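Chemist: Mind looking over this structure? Questions follow.
The values are calculated or read from the model by the stated rules, or taken from the named source; none is laboratory data. Since this is a predicted model, take the numbers as computed values, not measurements. Quick reminder, even Gly has a Cβ in these numbers, built from the backbone with ideal geometry, and neighbours come from all protein chains shown. Side chains are part of the model used for accessible areas, which takes the heavy atoms of the whole protein and leaves out ligands, DNA and RNA. Shrake-Rupley method; radii C 1.70, N 1.55, O 1.52, S 1.80 Å.
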Amino acid sequence: MRKSMLSNRQSYLVCLVAVLALFGLLMAVCETGLASPYIKGIMMTACIAVIMTASLNLTIGVLGQLTLGCCGFEAIGAYCAALTSKWIVAQGIAMSDLSRFLIATIAGGALACVFGVLVGIPALRLHGDYLAIVTLGFGEIIRVIIQNLTIAGGAGLSKGQQGQALIGIDRLANLYVVFWITVVTVVFLFMFARSRYGRAVKAIRDDEIAASASGINTTYLKVLVFAISAFFAGVAGGIFAQYIGSLNPTMAGWLNSINYVIMVVFGGMGSITGSIVSAIGLTILPELLRAF
């Protein structure tokens, strides 16, 4: 009987062609001047939202653990990337803007990943509402610490005053580069979810006791997923910092984390494709309704 569905290789080829066509359309719109700076800003914001939503979906959808501190990791990555970029300039290290952007962004993701491991080891022993409360508290702790650090524009922890915005960040984010970072992020998360590690994580989601009895190292895999999600949240934060040019501690607030959780739920938990669609849709929709 003739198969009606595409094989994996054919589906990957179709996706590759679609991505290249989308990138070609993006270049055509931007280079011909059809896209205003406002439209380009929406596209950049949509790319950041896709990275955040897809990474959060790995924790909520694939692992099945509700976390509300994703913007805390985003803020860590954003401030680390901004300060790294400033440090490179201050040291007089000669490199291209693209290299500095990538180094700063990866540094932000790496630091967020470290915090993901440190937070994940004790926090992931909890489940359900308890885990959500702990991660929510982590995000608020990060916000309070950042707004009082002098290096991040604050007045110092001893003075207890709310910090100012961190300004003077070079705006190095390029829409084309960010587009491909988004593509790499989505591909990596998709392949991880379909790998043997991803199948083991899904087994933990379905029944952790049975997965542990089957020989799966549940603690290791849960922390691994948490670290990967934190890394890409930090990458999104690094892109955000080098696109906006200034940072405010309120970006680590719990309301922003709730927005990304809504995107995950709206697109379908465990569905990377749904995360992409919901992130883009819920980024564009407020702009379309702004006139009302």
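Chemist: Exactly one of (1) over 13 Å from Cys80 (Cβ atoms); (2) under 17 Å from the mean Cα position of the chain (by Cα) is unmet by Ala241. Its number?
Modeler: Of everything listed in (1) over 13 Å from Cys80 (Cβ atoms); (2) under 17 Å from the mean Cα position of the chain (by Cα), Ala241 misses just condition (1).
Chemist: Oh, and also: For segment 172-189, state whether one or more residues are over 22 Å from Phe23 (Cβ atoms) and touching a helix residue (DSSP H, G or I) at 6+ places or on another chain (Cβ under 8 Å).
Modeler: No, segment 172-189 contains no residue that is over 22 Å from Phe23 (Cβ atoms) and touching a helix residue (DSSP H, G or I) at 6+ places or on another chain (Cβ under 8 Å).
Chemist: Please indicate, with yes or no, whether at least one residue in segment 34-52 is in a helix (DSSP H, G or I), modelled with pLDDT under 90 and of a type outside the set (Phe, Trp, Tyr).
Modeler: Checked against the condition, which is being in a helix (DSSP H, G or I), modelled with pLDDT under 90 and of a type outside the set (Phe, Trp, Tyr), segment 34-52 yields at least one hit.
Chemist: Can you work out which of the residues in segment 232-263 that are surrounded by fewer than 24 Cβ atoms within 10 Å (Cβ to Cβ) and of a type in the set (Phe, Trp, Tyr) is farthest from Ala132 (Cα to Cα)?
Modeler: Ranking the qualifying residues of segment 232-263, first place goes to Tyr243.
Chemist: Consider Ala78 carefully, then state whether it is assigned to a helix (DSSP H, G or I) and touching a strand residue (DSSP E or B) at 6+ places or on another chain (Cβ under 6 Å).
Modeler: yes
Chemist: Sticking with this structure for a sec: Pairs, please: C-beta under 6 Å, at least 6 apart or cross-chain, first residue crowded, with 17+ Cβ neighbours inside 10 Å and in segment 265-276, second assigned to a loop (DSSP other than H, G, I, E, B)?
Modeler: The qualifying pairs are Gly274/Gly268.
Chemist: Just one of Val19, Val89 is surrounded by fewer than 21 Cβ atoms within 10 Å (Cβ to Cβ), more than 19 Å from the chain's Cα centre (by Cα) and within 22 Å of Ile280 (Cα to Cα); which is it?
Modeler: Matching residue, one of Val19, Val89: Val19.
Chemist: Of all residues in segment 56-107, which are touching a Leu at 6+ places or on another chain (Cβ under 7 Å) and within 23 Å of Thr273 (Cβ to Cβ)?
Modeler: Scanning segment 56-107 gives Leu58, Ile60, Gln65, Leu66, Thr67, Cys70.
Chemist: Right, here's the next one. Hey, among the residues in segment 92-121 that are small (Gly, Ala, Ser) and farther than 16 Å from Phe240 by Cβ, which one's most open to solvent (accessible area, probe 1.4 Å)?
Modeler: Selected residue: Ala94.
Chemist: Right, something else. Cβ-Cβ under 9 Å, sequence separation 6+ or interchain: first residue in segment 190-214 and under 17 Å from Ile272 (Cα atoms), partner among the aromatic types (Phe, Trp, Tyr) and open to solvent by less than 60 Å² (accessible area, probe 1.4 Å). Which pairs?
Modeler: Going by the 9 Å Cβ cut-off, the qualifying pairs are Gly198/Phe192; Val201/Phe192.
Chemist: Related question: Restricting the first residue to segment 62-91 and requiring it to be in contact (Cβ under 8 Å) with a residue 24 or more places away in the chain and of a type in the set (Phe, Trp, Tyr), which pairs with a second residue that is open to solvent by 10 Å² or more (accessible area, probe 1.4 Å) and part of a helix (DSSP H, G or I) meet a Cβ separation below 7 Å and a spacing of at least six or different chains?
Modeler: Phe73/Phe115; Tyr79/Ile146
Chemist: State whether the residues of segment 188-195 include one that is part of a helix (DSSP H, G or I), basic (Lys, Arg) and modelled with pLDDT under 90.
Modeler: Scanning segment 188-195 turns up at least one residue that is part of a helix (DSSP H, G or I), basic (Lys, Arg) and modelled with pLDDT under 90.
Chemist: Do the conditions hold for Ala210, that is, is it closer than 21 Å to Thr59 by Cβ and modelled with pLDDT of 85 or more?
Modeler: Yes; evaluated as a whole, the condition is true for this residue.
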